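The values are calculated or read from the model by the stated rules, or taken from the named source; none is laboratory data. All of these numbers come straight from a predicted model, not from anything done at the bench. As a convention, Cβ positions derive from the backbone with ideal geometry for all residues, glycine included, and neighbour counts pool all protein chains shown.
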Amino acid sequence: MQKVALVDRDGTIIWEPERPERVDPRETFPLVSADQVSFVDGAIDGLKRLVERGYKLVLVTNQTFLGTPKHPQKVFDQVMNRMLGELQAHGVTFEFIMICPHGPDEGCECRKPKTGGVKKYLEERGDVDLKNSLMFGDRPTDGEFAQNLGVKFIKIETNKRFEIPSDM
């Protein structure tokens, strides 16, 4: 059986712009340029350690209103390419990437905390050991997603250090 480490993107492995006060906590404020891509302390080394410990990496990210003027697809693609390129230069790749482009009230099945965005991957892979798999994230929805999948949740403080628990 294969264990996986599911990893949120914004605020967990790359820096996320701060949300203004009194804004819906489900709202996101995406990077506006690939030049803003900055890894959270420990993210690259942590991802490398997970791979060394036998985990396959899966990126799971909600990207609210992707493809709209507030969150243009072109900028998103540039940010992803920069992030993935830098990770690849360190020998880190994701086996699967789940991107939910929907807003919090659209009722899709792929937006975390729902698990529809990884359902097909899990079915096609067929050998994922959920009991020994992990979810790294910074928001309550990441924790709920982990619970819905039946994996252990590792809380990362937004834009703080990416750390793997010492008991792993």
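A few notes on this one:
- For region 103-113, the criterion of being closer than 25 Å to residue 33 by Cβ and modelled with pLDDT under 95 is met by at least one residue.
- Top-ranked residue in region 1-42 [being touching a helix residue (DSSP H, G or I) at 6+ places or on another chain (Cβ under 9 Å) and among the charged types (D, E, K, R); ranked as farthest from residue 53 (Cα to Cα)]: 26
- Residue, farthest from residue 149 (Cα to Cα), within region 1-44, restricted to residues that are assigned to a helix (DSSP H, G or I) and free of Cβ contacts under 8 Å to residues at least 60 places away in the same chain: 35
- Failed criterion for residue 93 (all others in (1) hydroxyl-bearing (Ser, Thr, Tyr); (2) buried (at least 16 other Cβ atoms within 10 Å of the Cβ); (3) at pLDDT 95 or above hold): (2)
- In region 102-124, the residues that are farther than 17 Å from residue 150 by Cβ and surrounded by 16 or more Cβ atoms within 10 Å (Cβ to Cβ): 102, 103, 104, 110, 111
- Residue selected from region 65-81 under the condition modelled with pLDDT under 95 and surrounded by 18 or more Cβ atoms within 10 Å (Cβ to Cβ), by the criterion farthest from residue 142 (Cα to Cα): 71
- Looking across region 1-18, the residues that are more than 19 Å from residue 153 (Cβ to Cβ) and either of a type in the set (Lys, Arg) or in contact with a Phe, Trp or Tyr (Cβ under 8 Å, 6 or more places away or on another chain) (or both) come down to 14, 15, 17, 18.
- The residue that is surrounded by the most Cβ atoms within 10 Å (Cβ to Cβ), counting only those in region 35-64 that are of a type in the set (Val, Ile, Thr) and more than 30 Å from residue 107 (Cα to Cα), is 40.
- Note on region 50-168: enclosed strands (runs of 3 or more DSSP E) holding 2 or more residues that are among the basic types (Lys, Arg) and touching a residue at least 12 places away in the same chain (Cβ under 8 Å) are 152-155.
- Residue ID - surrounded by the most Cβ atoms within 10 Å (Cβ to Cβ), chosen from residues in region 129-168 that are farther than 27 Å from residue 30 by Cβ and among the aliphatic types (A, V, I, L, M): 130
- The set of residues from region 2-34 being hydrophobic (A, V, I, L, M, F, W, C) and either touching a Leu at 6+ places or on another chain (Cβ under 9 Å) or surrounded by 18 or more Cβ atoms within 10 Å (Cβ to Cβ) (or both) comprises 4, 5, 6, 7, 13, 14, 15, 31.
- Only a single item in (1) closer than 30 Å to residue 3 by Cβ; (2) out of contact with any helix residue (DSSP H, G or I) (no Cβ under 7 Å at 6 or more places or on another chain) is not met by residue 72, and it is number (1).
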